[in-house]
Amino acid sequence: MANKASEQRNRVQTALERVRHQIGLVLGAAAGAREMAEAELSRLMLEQEIVRIGMNHADAEQQTEWARHPAAHEVFASLGGVRNAFYTDWSTGPNALRELVAANAPGPAGRPPGEWLGRVGTNPGVTGPGLWRVGSATAAGRDISRTFDVAVPLLDESHLAITSAPKTRPVVDGIVQNLLMRVLSAFEPGAVKVHLWDVGQLTAILPDLYPLSRTSALSLYDPTRLEDLLDELAGHIRRIHATGMQAGHTSLRELRKATGQRVEPYRIAVLYGNGETLEPERARDLKRVASGALAAGICLILVDVPTAVSASIETLSLLDERRAVSSMTGSDLVVDLDPALPSGQVIRAAGRIAEALIAKQGGPRAFADLLPTELGQENSARELRASVGFYEGESVEVVIGDASPHALIGGPSGSGKTNFLYALLGSLAARYTPDELALYLLDFKEGVSFAGLAPGRKDASWLPHAKLVGVNVNTDREFGLALLRFLADELRRRSAAAKEHEVTNLADLREQDPGGHWPRIVAVIDEFQYLFAGRDQVTAQATQLLEDIARRGRSQGIHLVLASQDVAGIEAFWGKPAVFEQCTLRIAMPKARRVLAETNNAAVSAPKWHAVINHDSGVAHGNMLAHVPDSSSRNVFVNLQHQLWELYSGRFPRPRLFDGAHSPVLEQFPAYTELKPGSKPRALLGQSIDVTEAACGVELPRAPGRNVAVLGGATAEALSIMDSAARSLARQFEVGEVEFVLSCAIDACAPAVLELTERLRAEGHVATLADDLPATLTSVAESMSTSDVATKVLLLYGVDAALPALETKAVGQPKSGLDHLRTVLKQGPGHGVHAIGWWRSIARLKDTLGFGGTDDIGAWAALDVQGNELSPFAAGLVVHWSPRPGRALFFDRTTHSAPEVIIPFQRPDPDPAGGTP
Ligand SMILES: Nc1ncnc2c1ncn2[C@@H]1O[C@H](COP(=O)(O)OP(=O)(O)OP(=O)(O)O)[C@@H](O)[C@H]1O
């Protein structure tokens with residue numbers, strides 16, 4: 001039993017021994033494996049460190065430490081092998097690099113300064129070199145055949161961050177100045193702009209470049225206001241981005257490539273920091289600018305500005321006064337920096353570039369410089385684009401299209417608004433044919449600023465693009481309203497066509513409907529605030545129409561250009577922000593207030609004959625300053641107009657000219673000259689205030705109420721209305737079909753009435769001048785039922801003055817003349833007897849008609865009478881009417897829903913009674 005137990009224990013112990021042995025073996029193996037892994041790790045770390053620092057760059061202490069490493073021999077051997085193999089393969093490297101730099105850094109970008117310093121560049125700036133030389137480097141072995149040029153990308157390729165070493169500021173200045181001179185000398189003057197900011201100083205930054213500071217090629221910024229520079233750059237980026245996007249490109253480089261034009265200059269902004277991080281807000285701004293800058297052709301050179309920039313950026317870190325390492329060459333190679341260009345030579349070269357730039361900008365440019373070499377070559381399907389001025393010799397353009405559909409122009413009197421409008425109109429008319437562009441021009445100012453664009457007495461030419469020219473409309477706000485109504489109708493017509501073709505904008509409509517006539521329409525309203533001058537229906541309707549056009553005109557190619565003496569115009573917009581907001585194109589003449597955004601003071605400092613053009617609703621970043629050439633003095637615009645007229649006038653009709661200062665002449669008025677005998681006689685009372693040249697008339701069918709009253713004491717206008725009514729009717733009847741009966745109770749008007757009588761007779765009509773009105777009316781009233789063949793027109797001048805005689809009953813007669821008149825007014829029209837009477841006061845008209853007789857006056861023209869007195873004759877409507885010379889308020893109850901203002905015709909012969917209106 002005991003034996004059995006000890007035997008069993010032995011077996012267990014033996015088994016345990018075996019297990020222990022096995023565990024020992026496993027542990028030993030694990031420890032060995034770990035040691036090996038640690039050795040491998042340590043070897044790899046050594047290798048990594050040697051690669052990072054560089055085999056030849058370690059100091060003695062470092063080398064000794066590495067040598068102590070157990071794997072030192074092995075690692076050095078393997079790295080040496082790799083390096084030898086690499087340099088054996090790379091024997092052609094330096095040569096390839098030399099060729100690469102030569103190809104990408106031609107001329108001033110990479111060549112020695114003797115070849116270019118002091119010469120003015122010629123590259124127009126559509127494309128630029130990809131690399132710019134900073135020095136050279138030599139590959140291992142340091143023999144001369146292994147030396148190659150080191151260059152960095154700039155402009156729209158990459159930013160550059162330079163880190164100085166102690167006491168290397170002059171060297172850094174040299175590097176930056178060399179680069180700037182290379183760039184400035186490569187391009188033609190004006191193609192590059194340099195912005196300098198230094199946290200430590202205002203005036204002594206790169207002083208050798210100062211000759212350039214009298215031009216826009218070099219700008220300096222306040223050391224305490226980095227935000228000014230960043231804001232300005234952000235503004236350029238936004239503007240360039242917007243221009244590029246409109247044209248469907250994401251970068252300035254693409255835009256340049258597509259258009260073959262520089263479009264915008266390259267910009268280099270040099271920021272000198274002091275190694276300290278920027279305050280968080282500035283750092284954020286800088287980061288934002290850096291990320292959008294390259295696509296806008298803006299490159300940053302950051303010296304000792306620690307910042308995390310997400311855009312492409314190369315680095316150059318100075319080791320000492322002559323050497324640096326660069327991200328272009330890697331840390332293993334040292335760049336031997338080029339020496340700074342000699343100061344005197346730089347100053348001279350900068351001076352030459354400045355002079356060339358000033359010479360190029362030249363003196364003030366002329367109107368002719370705004371015009372293209374060939375007329376009418378542009379297409380307006382997408383937008384209208386026109387040069388309106390120059391900034392430092394470069395053309396500044398206005399774009400009217402989907403992004404900037406309407407324009408607001410402001411500036412005090414004499415600041416050049418009208419001149420600007422001429423520059424704009426000339427530039428547009430020269431670029432686009434009248435098929436592409438139609439102009440509607442309205443000037444509320446007193447004067448004739450647009451009159452020359454329509455044919456006149458002295459000059460028969462006109463601007464073929466003009467469809468309507470309205471001048472002297474300051475008192476005829478209704479004409480402005482008529483234009484807005486016309487535009488709103490056109491808007492509807494275009495919307496309907498767009499719907500039919502299932503498109504949403506003009507460009508697509510034109511594509512879908514190539515046979516259609518869809519020019520872009522530009523409506524210019526100078527001193528537009530007059531539209532809102534009263535608290536009345538005109539203001540209410542104008543506001544509504546303007547808002548509608550402003551909102552929807554954009555996509556239908558209908559554009560408003562509103563000009564005003566700034567404050568007046570802007571105040572007119574109070575309560576109408578929709579229109580104001582839609583005017584994203586703002587043009588501020590010098591000293592204009594409130595046209596630009598509130599914090600944007602560019603107009604205050606704008607010099608004379610300049611304009612601030614801003615396509616971004618007046619926000620500062622959109623500012624473009626332009627010198628506007630003289631476009632409005634004698635023979636300037638006219639020369640272009642003559643050219644365009646000769647080119648197009650055969651194909652396009654003359655514009656309608658509405659001149660509020662001149663009453664129309666009946667004999668020259670188409671609505672009169674085209675009258676012929678017909679079935680629906682219509683008495684013309686005056687001209688409509690409308691976009692088309694139309695007359696207002698009263699139809700005189702044989703129906704009740706078809707009489708006309710002229711109301712008020714304004715003699716000239718009253719005579720004119722009576723005259724045109726009679727003469728227009730006379731033209732519509734064959735001889736014998738009409739009989740005119742005239743009577744005049746106002747002595748002063750007798751000659752005019754006699755003259756009309758004779759004129760009617762001369763035309764062959766029966767015209768009787770009645771000296772006994774009561775007797776005449778009695779006979780007319782009594783013969784009415786029988787006289788159903790010939791129409792009878794009673795022309796009663798000064799019925800009010802005849803009332804005493806009419807009211808008197810002749811002895812033995814049951815009825816007075818007034819009774820007969822009432823009968824004639826009531827029953828006459830049904831029998832073809834129509835009265836056209838003039839009452840000098842409404843009270844006397846009421847007396848004439850008696851109780852309930854207002855319906856007998858179906859139409860009237862009111863002169864100097866109060867609007868509220870007219871209500872009973874206008875179906876109870878509230879009538880607003882401020883009487884004014886040369887105008888009448890006309891209402892015909894069969895055709896009007898509200899009275900309208902008309903212009904009585906000018907009576908051809910001066911009249912002793914009251915002269916011409
Ligand atoms: N760019 C310019 N170069 C030379 N002369 C100019 C220029 N702009 C305007 N002028 C002249 O200045 C005068 C006033 O200009 P303009 O009539 O255009 O001003 P405005 O702002 O329209 O003034 P107002 O509101 O009083 O009509 C005109 O005699 C015009 O010829």
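The values are calculated or read from the model by the stated rules, or taken from the named source; none is laboratory data. What you see is a predicted model; the values in this text were computed from it and never measured. Neighbour counts are summed over all protein chains in view; Cβ atoms, including those assigned to glycine, are modelled from backbone coordinates with ideal geometry.
From Trp645, Trp574, which residue is within 24 Å of Asp443 (Cβ to Cβ) and part of a helix (DSSP H, G or I)?
Working: Trp574 fails: part of a helix (DSSP H, G or I).
Just one listed residue meets the conditions, Trp645.
Residue by residue, here is whether (1) over 30 Å from Leu229 (Cα atoms); (2) surrounded by fewer than 16 Cβ atoms within 10 Å (Cβ to Cβ) holds:
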residue: Asp320; (1), (2): yes, yes
residue: Met328; (1), (2): no, no
residue: Lys360; (1), (2): no, yes
residue: Ala366; (1), (2): yes, yes
residue: Leu370; (1), (2): yes, no
residue: Gln377; (1), (2): yes, yes
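Search region 679-690 for residues being more than 12 Å from Ser728 (Cβ to Cβ) and in a loop (DSSP other than H, G, I, E, B), and hand back the single one that is modelled with the lowest pLDDT.
Top of the filtered list is Ser679.
For region 534-565, enumerate the residues that are within 16 Å of the ligand (Cβ to nearest atom) and either surrounded by fewer than 18 Cβ atoms within 10 Å (Cβ to Cβ) or among the hydrophobic types (A, V, I, L, M, F, W, C) (or both).
Residues of region 534-565 that are within 16 Å of the ligand (Cβ to nearest atom), as a first pass: 561-565.
Scanning region 534-565 gives Val561, Leu562, Ala563.
Quick test for you: out of Asp616, Asp630, pick the one residue that is within 16 Å of the ligand (Cβ to nearest atom), part of a loop (DSSP other than H, G, I, E, B) and acidic (Asp, Glu).
Residue meeting the stated conditions: Asp630.
Only residues that are out of contact with any Asp or Glu (no Cβ under 7 Å at 6 or more places or on another chain), without any contact (Cβ under 8 Å) to a residue 40 or more places away in the chain and not hydrophobic (A, V, I, L, M, F, W, C): list them for region 208-231, please.
Ser213, Ser219, Thr224, Arg225, listed by residue number.
Of the residues that make up region 825-842, is at least one over 26 Å from His765 (Cα atoms), in the same structural domain as Val865 (by TED's automatic domain parsing), outside any strand (DSSP E or B) and not β-branched (Val, Ile, Thr)?
The initial filter retains those residues of region 825-842 that are over 26 Å from His765 (Cα atoms), namely 840-842.
Checking which are in the same structural domain as Val865 (by TED's automatic domain parsing) leaves us with 840-842.
From what's left, outside any strand (DSSP E or B): 840-842.
Checking the rest, the ones that are also not β-branched (Val, Ile, Thr) come to 840-841.
Yes: one or more hits.
So which of Asp320, Asp336 ends up being closer than 30 Å to Gln48 by Cβ, part of a loop (DSSP other than H, G, I, E, B) and acidic (Asp, Glu)? Show your work before the answer.
On the way: Asp336 fails: part of a loop (DSSP other than H, G, I, E, B).
From the options Asp320, Asp336, the qualifying one is Asp320.
Can you work out which of the residues in region 176-212 that are among the small types (Gly, Ala, Ser) and at pLDDT 90 or above is nearest to Gly130 (Cα to Cα)?
So in region 176-212, the residues among the small types (Gly, Ala, Ser) come out as 185-186, 190-191, 200, 204.
Within this subset, residues satisfying the condition of being at pLDDT 90 or above are 185-186, 191.
On the way: Ser185: 15, Ala186: 12, Ala191: 16 Å.
By that ranking, first place goes to Ala186.
Regarding Val399, is this residue within 16 Å of the chain's Cα centre (by Cα) and within 15 Å of the ligand (Cβ to nearest atom)? Outline the logic, then answer.
Working: within 16 Å of the chain's Cα centre (by Cα): yes; within 15 Å of the ligand (Cβ to nearest atom): no.
Criteria not met by Val399.
For Glu693, work out the one condition from (1) out of contact with any Asp or Glu (no Cβ under 8 Å at 6 or more places or on another chain); (2) assigned to a strand (DSSP E or B) it doesn't fulfil.
Going through the list (1) out of contact with any Asp or Glu (no Cβ under 8 Å at 6 or more places or on another chain); (2) assigned to a strand (DSSP E or B), Glu693 breaks only (2).
Output the residues belonging to region 723-754 that are out of contact with any Ser or Thr (no Cβ under 8 Å at 6 or more places or on another chain), part of a helix (DSSP H, G or I) and loosely packed, with under 15 Cβ neighbours inside 10 Å.
Scanning region 723-754 gives Asp747, Pro751, Leu754.
Determine which single condition Val503 fails, assuming it passes every other condition in (1) touching a Leu at 6+ places or on another chain (Cβ under 6 Å); (2) touching a residue at least 24 places away in the same chain (Cβ under 8 Å).
Only one criterion is unmet by Val503, namely (2).
Check region 350-368 and report whether any residue there is modelled with pLDDT of 90 or more, within 14 Å of the ligand (Cβ to nearest atom), touching a helix residue (DSSP H, G or I) at 6+ places or on another chain (Cβ under 7 Å) and not assigned by TED's automatic domain parsing to the domain that holds Gly557.
yes
For region 588-613, what are the residues that are within 14 Å of the ligand (Cβ to nearest atom) and within 15 Å of the chain's Cα centre (by Cα)?
Our first condition is that a residue be within 14 Å of the ligand (Cβ to nearest atom); within region 588-613, this holds for 588-593, 595, 603, 606-613.
Matches in region 588-613: Ala588, Met589, Val595, Ala611, Val612, Ile613.
Restricting to region 219-243, count the residues that are within 30 Å of the chain's Cα centre (by Cα) and in a helix (DSSP H, G or I). Quick ask: steps written out before the conclusion?
Going residue by residue through region 219-243, those that are within 30 Å of the chain's Cα centre (by Cα) are 219, 227-243.
Of the ones still in play, those that are also in a helix (DSSP H, G or I) are 227-243.
Residues flagged as within 30 Å of the chain's Cα centre (by Cα) and in a helix (DSSP H, G or I) within region 219-243 amount to 17.
Output the number of the condition that Asp459 fails; it satisfies all remaining conditions of (1) closer than 20 Å to Leu384 by Cβ; (2) assigned to a loop (DSSP other than H, G, I, E, B).
(1)
For residues that are under 35 Å from the mean Cα position of the chain (by Cα) and surrounded by fewer than 19 Cβ atoms within 10 Å (Cβ to Cβ), tally how many sit in region 103-133. Step through it out loud before you land on a result.
If we filter region 103-133 for residues that are under 35 Å from the mean Cα position of the chain (by Cα), which is where we start, we get 121-129.
Now narrow it down to the ones that are surrounded by fewer than 19 Cβ atoms within 10 Å (Cβ to Cβ): 122, 124, 126-127.
The qualifying residues number 4.
Tell me whether region 694-703 contains one or more residues that are over 30 Å from Gly852 (Cβ atoms) and more than 16 Å from the ligand (Cβ to nearest atom).
Yes, that holds for at least one residue.
Within the bounds of region 708-716, is there any residue that is at pLDDT 90 or above, within 16 Å of the ligand (Cβ to nearest atom) and of a type in the set (S, T, N, Q)?
In the first step, residues of region 708-716 are kept if they are at pLDDT 90 or above; the result is 708-716.
Adding the requirement that they be within 16 Å of the ligand (Cβ to nearest atom) leaves none.
No, region 708-716 contains no residue that is at pLDDT 90 or above, within 16 Å of the ligand (Cβ to nearest atom) and of a type in the set (S, T, N, Q).
Here is a check on your reading of the model: is Ala77 within 24 Å of Leu341 (Cα to Cα) and either without any contact (Cβ under 8 Å) to a residue 12 or more places away in the chain or assigned to a helix (DSSP H, G or I) (or both)?
No; evaluated as a whole, the condition is false for this residue.
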